[in-house]
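Peer 1: Dumping the structure here so I can ask a few things about it.
Derivation of every value follows stated rules applied to the coordinates shown; laboratory data play no part. Note that the structure is a prediction, hence the values are computed from the model and not measured. Every residue, glycine among them, receives a Cβ derived from its backbone with ideal geometry; neighbour counts consider all protein chains shown.
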């Protein structure tokens, strides 16, 4: 008997509470609108602003080898499409103020 393999489909992932709060903070601080869950070449990115794609990565999930390979492919696809990926490690919502301050110089360049 012949079985056909199903094509893998990427569905729109749910964003975490930490991601939503961090993106909301960016929108408020820099008075911008960030496209959330931006789809590019069948992959979803946490946010998009101009030619920048924002990825907010949790340590647990994004330290796994399988997810690292997926992230790497997403980065390559984004670069080929003319986007620059900004990856920020954001583990829990309590870390948001500290993470924002650590990345503030880079974020100011992007959003101003």
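Peer 1: Using the Cα gyration tensor of region 17-111, with a ≥ b ≥ c the square roots of its eigenvalues, what is the shape: rounded (a/c below 1.5), prolate (a/b larger than b/c) or oblate (neither)?
Peer 2: oblate
Peer 1: Also: Under a plain spin-label model, where a point goes 7 Å from the Cα along Cα-to-Cβ, how far apart in nm are residue 76 and residue 101?
Peer 2: Label-label distance for residue 76 and residue 101, simple model: 3.9 nm.
Peer 1: How much length is gained if the chain between residue 39 and residue 85 is pulled fully straight, taking 0.36 nm per residue apart and subtracting their Cα-Cα distance, in nm to one decimal?
Peer 2: Taking residue 39 through residue 85 to full extension adds about 15.2 nm, to one decimal.
Peer 1: At 7 Å along the Cα-to-beta-carbon direction for both residue 15 and residue 32, put a label point, then send me their distance in nm to one decimal.
Peer 2: 1.4 nm
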